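Any read-out appearing in this document is the output of simple, stated calculations on the displayed coordinates, not a laboratory observation. Quick caveat: nothing in here was measured; it's all calculated off a predicted structure. Cβ sites come from the backbone with ideal geometry, for glycine too, and all protein chains shown count toward neighbours.
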Amino acid sequence: MRTLSAELEARIRKSSEYFTAGYGCCQSVIAAFADLYGMDEKTALRIGAGFGGGIGRLRMVCGAVSGVVTLVGLHCGATEGDDHEGKANCYKVVQTLLERFKQQNGSIICADLLAQSGCTPSSNTHIPDQRNAHYYSTRPCARKVEDAARIFAEYISE
């Protein structure tokens with residue numbers, strides 16, 4: 001683990017604070033870094049809102065991972081439709097950072113990450129689970145948010 005600046009460590013902590021305040025994994029990761037890209041908190045939270053529960057509670061790609069992908073796009077995403085080199089660079093960064101997450105956590109899939117911790121919440125409803133002490137004690141999500149935020153922080157500090 002790389003030594004990061006106090007500012008980046010604070011952003012990592014902030015991502016965890018967002019999550020424990022009830023925000024989704026993606027929202028938590030994006031909001032912790034949003035101001036670096038001229039984005040206000042409310043916009044960041046809205047952008048990340050649909051990625052909760054592994055994209056719309058479908059238990060697909062982990063929301064924290066989706067947050068990293070969104071931030072990479074803000075950081076180095078191509079802005080011209082025919083910028084193949086820019087797209088390739090962005091995709092390379094995404095693949096590299098997601099591979100780091102996968103190496104640390106075994107998967108980038110929400111259902112897999114939950115199952116690894118012995119948690120098997122249903123995905124057959126759009127209704128989110130109630131956030132309470134039991135919720136937080138049975139899910140690995142806060143750690144995944146922190147892992148994702150740290151991976152992104154390490155990337156922008158390189």
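Assorted remarks:
- Under 23 Å between alpha carbons - lysine pairs in the stretch 2-136 that sit 8 or more apart or on different chains: 4
- Gaussian network model of the chain, springs between alpha carbon atoms under 10 Å - residue of C90, C141, C62 with greatest fluctuation: C90
- Charge dipole (Cα centre; +1 on Lys/Arg Cβ, -1 on Asp/Glu Cβ; no other charges) of the stretch 41-158 amounts to roughly 560 debye.
- Extension gain (nm, one decimal) between E80 and E7, 0.36 nm per residue minus Cα-Cα: 23.1 nm
- Acute angle (nearest 10 degrees) that the helix 63-76 long axis makes with the longest principal axis of the chain, alpha-carbon atoms: 10 degrees
- Centre-to-centre, using Cα atoms only, the stretch 14-29 and the stretch 82-110 are separated by 21 Å.
- Cβ-derived FRET efficiency at R0 30 Å, N124 paired with K92, nearest 0.05: 0.25
- From its DSSP helices (H runs of at least four residues, each -39,500 (n - 2.57)), the chain gives a residue-normalised ellipticity at 222 nm of -19500 deg cm²/dmol.
- Each of the trypsin sites (Lys or Arg not before Pro) that DSSP puts in a loop and that has at most 16 other Cβ atoms within 10 Å breaks the chain; the longest unbroken stretch is 3-130.
- The computed Rg and Dmax of the Cα atoms in Å for the structure shown corresponds, within (i) 15.1, 49; (ii) 14.2, 40; (iii) 16.0, 47, to (i).
- Among the GluC sites (Glu not before Pro) found in the stretch 64-129, those both in a DSSP coil and sparsely packed, with 11 or fewer other Cβ atoms within 10 Å of their Cβ, are E80.
- Taking 0.36 nm per residue of separation and subtracting the current Cα-Cα distance, fully stretching the chain between H134 and K14 would add 41.0 nm.
- Angle of helix 141-157 to the longest C-alpha principal axis of the chain, folded into 0 to 90 degrees and rounded to 10: 10°.
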